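Inspection log for the structure reproduced underneath, given as structure tokens.
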Amino acid sequence: MPVLTLDGKDYDVQVTGISRSAEIRDGQNADTLLSGRYSRDIIGTYYNYDVTFGTSKLSPTDYDALYEVLTAPQDYHTLTIPYGQATKTFEVYITNVTDTLRRMTRNYNHWGDLTVSLIAIEPMRVPE
């Protein structure tokens, strides 16, 4: 089973780290009341991921192709990624992609430490 599927395509790349955050966002009606108590206007819970890839086994061509997909100027991607003991598929946008030039040779540039930030475009859970 692939660890990462983006836009329906499985990527045969080692994932060395996945961190996720659950952001519980408030809407425009959240505010502090006259009593001092905070009143929430919960929109829902958004699941965001940071994924780090181990790219040492990728050819330079495959690395460049993955980088191009991750840095494409498009509104969103469909992501399938581990969630709990299964996977979850949802739409995300990419806010940041970083990598490091580790070595330059006459034949190619060796890039690594590829990390991408994937932000949910809508809440996965909403108040009942």
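No value in this document is a laboratory result; all are computed from the given coordinates. Not measured: the values here are computed from a predicted model. Reconstructed Cβ throughout: ideal geometry from the backbone, glycine too, with neighbour counts over all protein chains shown.
Descriptive notes on the structure:
- Around Thr61: net Lys/Arg minus Asp/Glu count, Cβ-Cβ under 14 Å: -3
- The amide H of Met124, built 1.01 Å from its N in the peptide plane, has Thr45, Tyr46, Tyr47 as neighbours under 5 Å, considering only residues 5 or more places off or on other chains.
- Taking the C-alpha atoms only, the angle from helix 60-70 to the longest principal axis of the chain is near 20 degrees.
- Region 85-128 - Rg over Rh from alpha carbon coordinates, Kirkwood radius: 1.25
- Taken over the C-alpha atoms, region 1-112 has Rg and Dmax values of 18.8, 69 angstrom.
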